[in-house]
Structures are given as structure tokens and as C-alpha cells.
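Colleague: Would you mind keeping the following structure in view while I ask a few things?
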Amino acid sequence: MKKTYIILAASLMASMSVAAQETYENAKISQKDLNGTARYVGMGGALEALGADLTTIGTNPAGIGLYKHSVASVSAGLVSQGDGHDFTNGHTTNASFDQGGFVWSTRSGRRSFLNFGFNYTKSRNMDYILSAANSVRGGSMSKHSYIKNMLGSVENGGFTIDKNEQGEYIGYEDAKSTYTAPNFTQLDYLLWNAFIVDPNNQTAGYNEANQYTFDRAHTGYIGEYDFNISGNINDRVFLGLTFGLYDVHYKGNSTYVENLIDAQGAGVGTLTLNDNRKITGSGFDVKFGAIFRPIENSPFRFGIYVHTPTWYDLTTSNYTTLLNGTQLGGYDQGHSNESYDFKIFTPWRFGFSLGHTVGNYLALGATYEYADYSTIKSRINTDEYYDYWSDTWNTSSRNDRVMNDHTDRTLKGVSTLKLGAEYKPIKDLAVRIGYNYVSSLYNKSGYKDNTLPSDGSYYASTDDYVNWKDMNRFTCGLGYALGKFNLDFAYQYSTQKGDFYPYAPLSATVTDNGTTYSESNTTSATSVKNNRHQLLFTLSYHF
């Protein structure tokens, strides 16, 4: 067997200059964690009506309007994955800087205030290790790609394989087309050139697998930088506006190994897919909020808030290697790498909250939030042009309707419930407890569909996906006042289960010379978990 590398050349990708992203990758970027100050986390995040906490700058901006003096705080801690194991660049326990900000309060009257605030929050901690292993019956990566060729055309969800001028096997839109199919993925390219085709007789075939193992280390974060102006009118009405900036840093390093068998069930070796993907970029949104105290002599209040979509402008890149550990195919190893820009718009968020205090020793809060993730929009970059007025290069874009329709079928509306309580047994000591529930954003029948005629498919380098289920978070904490300083501690345990699939189900039936052939590529779900522990410490100073 040849000892040669194959490379996915930039000239090949040049025919697809536009780009968009894929549903499951978009979902990773669009979600937020329960994070911020230790008081906020310790009460399950249920402070959107109670306010007077820096984290509410990014949830209900009116919460900053309840400050009657200036304050600054910083928060940091540890995040640990109890059921994971160290893998590649990922570790089960990581230190984290989670929050830093201040509020500057100015009096505009005896009972009215105008406040200005800034706060940084790590809104999404990407540190997570995903591991899965299972037996396989009747499926494999190569069979999945082989069936796409059986489908024959983009219209049918596949492509037609033929050689280009460089002698590479390329998936074309149909048997007569000279255009590369938009659903001919980087993984398809590697499989057809390194494994599926026999170089001796140029015939195509596949091998099924009897088992697989998978490990991926997710690392990185999304930083949220919020700038706020808020007002307090006679301690009855509180209004707030926040402008948010986002900074995205994500890396995923995965290894997927299939044990292949022949028609008699005997082992023939392994295929190993090593994938390294990186996503970076920035985004922004606007948040509006209000808190009302309807009864003058009662501390009961309710809050409402709305967040615009976060408009993200991102870049993704990958370096992917396919190791052929069999005596089949044409190469021992192939690799591909590519980078492209894309845009996604996250869903609108709406929230309603209740808050009540009893004397100066008990605070109770509840929040309900809704966001419809089926409305996430992928944008295709269509052209780059120079703006002489601003002396800058700008990029125009349009909706990726194919991927957006897939998102609408795959994702759904998500409800978040936050409950929290704070009790002060003595003046300077606070005891907190909270619960936070997030419903699943994936439909049970959803799957990652790399047969779609979309650039999100074309640039894909893996077929795996996870349909995560509901998440439950349990929190508690302590706070102690020491003069103008406050020391706060919080513990959070979050638990979530999911169904892992190495590839989506796919089948094809074709008729050749009166003979009908059918192929089906399926695999059962493998149960995976995302259980995390967080210890958080906040130091704040009132001035």
C-alpha cells in the first residue's frame, strides 16, 4: 500500500467561496451557562426581579437600577467534570475567571438614581470531555459516504463520484455536472481518496464496523462584555438598557476509531479520524429590562426583559486526518484543512420574574425565560467589498435557507426556570439555595444531516452529533459581609444526559439493469453525560 499523503487543496475549495455553518455547531455557540457572581449562582440565577447583583446586567438590565451605592466585584473558581477523563488538550478540572465588573451609582433625587455599569461574564465555558463507545451493526463511516454516492445527485441527497484533472476523487452534483456537490464533505473527500476506492481495479466498496470508540475534548469560552445604563424612579420603577459584546474562543479535538470487518465478520483493521476544529469571532446584542414595585408599601416586585439575537461574525478552521489501518484502499493517511467565515444570529430571549423580601433576612426569587432555538439563522457570506466612506472592507451575506430549514426541524423552543432563596440567620451572614432547569433544545428525531446542499455540509469534517436532553442545576452558597467588603461562595452541580451518534441514519435504493440494490447505514444511540461541578468565589467592595 502506498505511503502517501493526500491534501484537500485550497484550489478545490475555491469553487465554494461562500460559507455558512451547521446546526449542531451553531447550537454550541448560542447557549449560555449559569454563571456570574457567587450570589447569583448560589440562588440559581433567580435575581431578575430582586436585582442589585452585577450578573443581572446581562439578564435583566433593570436589576442594576436597584443599586443605591457603587460597587465592584470579581469572581473566579474551579469547574470539574466528575465523570470524565483527561484527554489530549482537555482536563477534567480547570480554573476559571468568571466575572469582573462595577456599578457607578449617582443620585438624581432623594429616591431616584441613575446608574452606569460594566461587567464581564464567562457566559459559556466550553471545557468538556465527551467519550462514547459502542458496538455497531450494519454501519460505518465508509458505508455512509458510499450510500451518498448511490443516491447519485444533490437533488437526491448525494453526489456522483468521478476524478478531477488532478486525479482526485470528487463528488459532483450529478453525473453530468462539473461542479462539486455542496454536500460532498471534507470527510467524504478523505474516505473516497484514502479508503473506499481500490487503486488496483478502481472499484468502490465499503466495510462495516463492529464497534467504535470516540473521545473529544472541548475547550474554550465565550466572554460577554456588558455596558449598562439604568434608572430608579422613586423606588417604584426600575429601567435598564445593556449593550453586550461577545468574544468567542472554541477548540474541539476528537479521535474516532472504527474496528472494521469483512463480509464474513473477520477483522480487517481500523479507520481513525482525528479532527481538530477551532471557532473564533465576535458578536453583539442589546438587552432591555424593567422591574416594577406595584404596591407602595410592599417589597414585592416583578420584572420583564427581552434580549435581541446575538449577531455573530465567526471564523472556523479545521485540520483533519484519516488514518487507514487496513490493507484496503489507496493511502495510509489523508488529511484536509480549511478555514472560512460565517455568520449566525441566535434567538430572541424573553423573561418574566418575581421577587419578594421579608424584612432584611429573607429574599425569594423566581424567573421564567424562553428562547426559540429553531429560529437560529445561518448566514452565507456572499461578497466582500470596500467601503470608501468608512475606509473598511465589509462582507455582505444572505440566509442559508437549506440549513435554516434543517435548524427549524432539529431544534425547538427552550424554557428555563430559575428558583432561589437567601436567608440571613444573622446580619452579616447569608445562606443561599437555588434550582435551575433548562429544557432540551433538540427534537428527539433530530440529526446532523450532511446530505444537505449547504456549505455547512461541504465544510464538515465529522459526522458525529449529540442530542442533549434536559439540564438540571442545583446550587447553594454562603455570603459574609466584612465592613465594605463582601465574601461570597457558591457551589453548582449540573447534570445532563444525551444520545450520541457517530453518524446519521442513511439509506438508498437503486436499480441497475433490472436489479434493485438497497443499502442502509444505521447505528443505535450511545448514552453520554455532562455532569459538572463548579466552585465559585466572589470578592466585592462597596464604595
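Colleague: Using Cα centres only, tell me the gap between region 210-231 and region 482-506 in whole Å.
Modeller: If you average the Cα positions of each part, the centres end up 11 Å apart.
Colleague: Might you report the magnitude of the Cβ-based charge dipole of the chain about its Cα centre, with Lys and Arg at +1 and Asp and Glu at -1, to the nearest 20 debye? All intermediate terms of the calculation are to be shown ahead of the outcome.
Modeller: On the way: 44 positive and 52 negative charges, 530 e Å.
Dipole size: approximately 2540 debye.
Colleague: Hey, another quick one. From the phi angles alone, apply the Karplus equation (6.51, -1.76, 1.60; θ = phi - 60°) to region 41-51 and give each ³J(HN,Hα) in whole Hz, x where the residue is Gly or Pro.
Modeller: 5, x, 9, x, x, 8, 10, 5, 9, 6, x
Colleague: Alpha carbon centre of region 424-452 versus region 106-185: separation in Å?
Modeller: Centre-to-centre distance over Cα atoms comes out at 25 Å.
Colleague: From the protein chains alone at 1.4 Å, what is the descending order of accessible area for 242, 509, 522, largest first?
Modeller: Largest accessible area first, the list is 509, 522, 242.
Colleague: Please give the per residue accessible area of region 442-543, computed with a probe of 1.4 Å over protein heavy atoms only, in Å².
Modeller: Numbers: 4700 Å² over 102 residues.
Value for region 442-543: 46 Å² per residue.
Colleague: How much of residue 466 can a 1.4 Å solvent probe reach, expressed as accessible area in Å² and rounded to 10?
Modeller: 10 Å²
Colleague: Over all alpha-carbon pairs of region 71-205, lay out the pair-distance distribution in 10 Å bins, whole %, shortest bin first.
Modeller: Values per bin, smallest distances first: 10, 22, 14, 15, 16, 12, 7, 3, 0.
Colleague: Output the Kirkwood hydrodynamic radius of region 299-389, Cα pairs only, in Å rounded to one decimal.
Modeller: Working: mean 1/r = 0.0528 Å⁻¹.
That comes to 18.9 Å for region 299-389.
Colleague: Here is a further query. Is the C-alpha gyration tensor of region 127-252 telling us rounded, prolate or oblate? Criteria: a/c under 1.5 is rounded; beyond that, a/b larger than b/c is prolate, otherwise oblate. Display every interim value, and only then the final one.
Modeller: Working: a/c = 3.57, a/b = 2.27, b/c = 1.57.
Since a/c reaches 1.5 and a/b is larger than b/c, the shape of region 127-252 is classed as prolate.
Colleague: For region 389-534, what is one quarter of the convex hull surface built on the Cα atoms, given in nm²? The partial results should precede the final answer.
Modeller: Details: hull surface 69.4 nm².
That works out to 17.4 nm², a quarter of the Cα hull's surface.
Colleague: Report the one residue of 307, 283, 273 whose Cα lies farthest in the direction of the positive end of the charge dipole of region 245-324 (charges on C-beta: Lys and Arg +1, Asp and Glu -1; origin at the Cα centre).
Modeller: With unit charges placed on the Cβ atoms, the residue in question is 307.
Colleague: Extent of region 184-286 along each principal axis, from alpha carbon coordinates, in Å, largest to smallest?
Modeller: The Cα atoms of region 184-286 stretch 83, 25, 18 Å along the principal axes, largest first.
Colleague: For residue 300 and residue 227, what does the FRET efficiency come to when R0 = 30 Å and r is the distance between their Cβ atoms, rounded to the nearest 0.05?
Modeller: Values: r = 30 Å, r/R0 = 1.00.
Step by step, r from the Cβ atoms, then E = 0.50.
Colleague: Just by accessible area at a 1.4 angstrom probe, what is the order of 165, 208 from largest to smallest? Before the final figure, lay out each step's value.
Modeller: Working: 165 180, 208 60 Å².
Putting 165, 208 in descending order of accessible area: 165, 208.
Colleague: Here is a follow-up. Taking a temperature of 20 °C and a viscosity of 1.002 mPa s, what whole-number D in µm²/s does Stokes-Einstein yield for region 415-486 with Rh from Kirkwood over alpha carbon pairs?
Modeller: Working: Rh = 16.5 Å.
The Stokes-Einstein estimate is 130 µm²/s.
Colleague: Tell me the carbon and sulfur percent of the accessible area for region 190-266, rounded to whole percent, probe radius 1.4 Å.
Modeller: Numbers: 1620 of 2960 Å².
Here carbon and sulfur together make up 55 percent of the probe-accessible area.
Colleague: In whole angstrom, how far apart do the alpha carbon centroids of region 234-265 and region 327-355 sit?
Modeller: If we compute the Cα centre of each part, the gap is 9 Å.
Colleague: Past 24 Å, Cα to Cα: identify those pairs from 28/278; 343/444; 412/529, in the order given.
Modeller: Details: 28/278 12 Å; 343/444 26 Å; 412/529 21 Å.
Distance filter (> 24 Å) returns 343/444.
Colleague: Could I ask something else about it? Hey, what does the equivalent ellipsoid look like for the chain, semi-axes from the Cα gyration tensor as sqrt of 5 times each eigenvalue, largest first, whole Å? Can you show the working numbers first?
Modeller: Working: eigenvalues 511, 117, 72 Å².
In descending order the semi-axes read 51, 24, 19 Å.
The values are calculated or read from the model by the stated rules, or taken from the named source; none is laboratory data. All of these numbers come straight from a predicted model, not from anything done at the bench. Cβ atoms come from the backbone with ideal geometry, glycine included; neighbour counts cover every protein chain shown. We work out accessible area using only protein heavy atoms, side chains counted, and drop any ligands, DNA or RNA first. Shrake-Rupley method; radii C 1.70, N 1.55, O 1.52, S 1.80 Å.
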